[in-house]
1. Calculate one ³J(HN,Hα) per residue across region 132-141 by plugging θ = phi - 60° into the Karplus curve 6.51 cos²θ - 1.76 cosθ + 1.60, and present them in order as whole Hz with x for glycine and proline.
2. What is the distance, in nm, between label points placed 7 Å from the Cα along the Cα-to-Cβ direction at Gln219 and at Trp158?
3. Of the chymotrypsin sites (Phe, Trp or Tyr not before Pro) in region 4-44, which ones lie in a loop per DSSP and count no more than 12 other C-beta atoms within 10 Å?
4. What are the chymotrypsin sites (Phe, Trp or Tyr not before Pro) within region 96-183 that DSSP puts in a loop, where the Cβ has at most 14 other Cβ atoms within 10 Å?
5. Are there trypsin sites (Lys or Arg not before Pro) in region 1-103 that DSSP puts in a loop and that have at most 10 other Cβ atoms within 10 Å, and which ones?
6. Relative contact order of the chain: what whole-number percent is it, with Cα pairs under 8 angstrom and at least 6 residues apart?
7. Give me the number: length gained by fully extending Val50 to Thr283, i.e. 0.36 nm times residue separation minus the C-alpha to C-alpha distance, one decimal in nm.
8. Run the reach check for Lys106 against lysines, Cα to Cα strictly under 24 Å, same-chain hits fewer than 8 apart removed. What comes back?
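All of the numbers you see were taken from the coordinates with simple rules; none came from a lab. Only a predicted model underlies this, so the values are computations on that prediction, with no experimental measurement involved. Here Cβ is always computed from backbone atoms with ideal geometry, including for glycine, and neighbour counts include all displayed protein chains.
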Amino acid sequence: MTPDWLWIPITLWAAFAQTLRNAAQRHLTAALGTLGATLVRFLYGLPFAVLWLLALVFVVDLKLPSFNVGFLFWVSLGAASQVAAAALLLRVMTERNFLLGVAYSKTEIIQVAVFGLAFIGDPITFAAALAIAFGTLGVLLLSPADKERPLRAMITGWTQRSALLGLGSGACLALSAVGYRGAALALPGEPFLAAAGYTLVWAQVLQSVGLGGWLLWRQRDVVLRVLKAWRESLFAGFMGAAASAAWFTAMAIEPVAHVRILGLVELLFSYAISHRFFRERATTREIAAIALLMAGVVIVSLRT
């Protein structure tokens, strides 16, 4: 029987691994572009995902889950939505008021709770709703569209094109998380490690083929640069696969909203690292944001 608390350390590891993956991707973006660095995450993560699944089969002695149409639907939804979220966020960056769009993309946590309830029946408890509210406010204050009046900018700017694109990006991120949990749930009776590892391999195959094929058609030079940069890309691929394996495992155990709320510690990791290296002093707004994030994290953790 799976311990009720097991998803917590798995999610914390996922957030830490994703922080390292993001740092590696930022380094690659200058040479490969945003789409090239995104392809690295899937293409070079795929071999490590396959190795993880093989280890589960031959070392842990788990059996491969049986393929079914429901699983294919959910994993395809998750994979496609994740790529679409990245594409929409790229569009947001080209907008004049891109900070507003980025802020609206942070509503992913609210949307993932709603989609999780609507599509796969994940319940929203009072504690989870409170954690979502604290977490969302904390994220918005930490990366506001307007540093002087962050909440007012959100309330008055929702009809702008950049805001709508940001909402779309957040919705796709939410659908992606729900899709991956739905894929694991579509493998009833399977151990959570087997379900998560199987979902991970399928997702990375679909994303590598989909995004790689599109880039071969539209920007072949980007794919060539990605292949030439294999040495620098392996670490990003490994950390991407490690983060995804942990996210998928946590979501195979626990409702996606709880996992994504606790996953906000990634922002705290990134914030701590940036302030450690750049020795910047935190503002009152940033301190309040961190307190709200921590409140959300504590509430959803103690709920178990």
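1. Those phi angles translate into 4, 4, 4, x, 5, 4, x, 4, 5, 6 Hz.
2. It works out to 3.3 nm between the two label points.
3. Counting only loop positions with at most 12 other Cβ atoms within 10 Å, the chymotrypsin sites (Phe, Trp or Tyr not before Pro) in region 4-44 are Trp5.
4. Sparse-neighbourhood loop chymotrypsin sites (Phe, Trp or Tyr not before Pro): Trp158.
5. Answer in residue order: Lys63, Arg96.
6. Relative contact order for the chain comes out at 39 percent.
7. Difference between extended and current length: 79.5 nm.
8. Lys147
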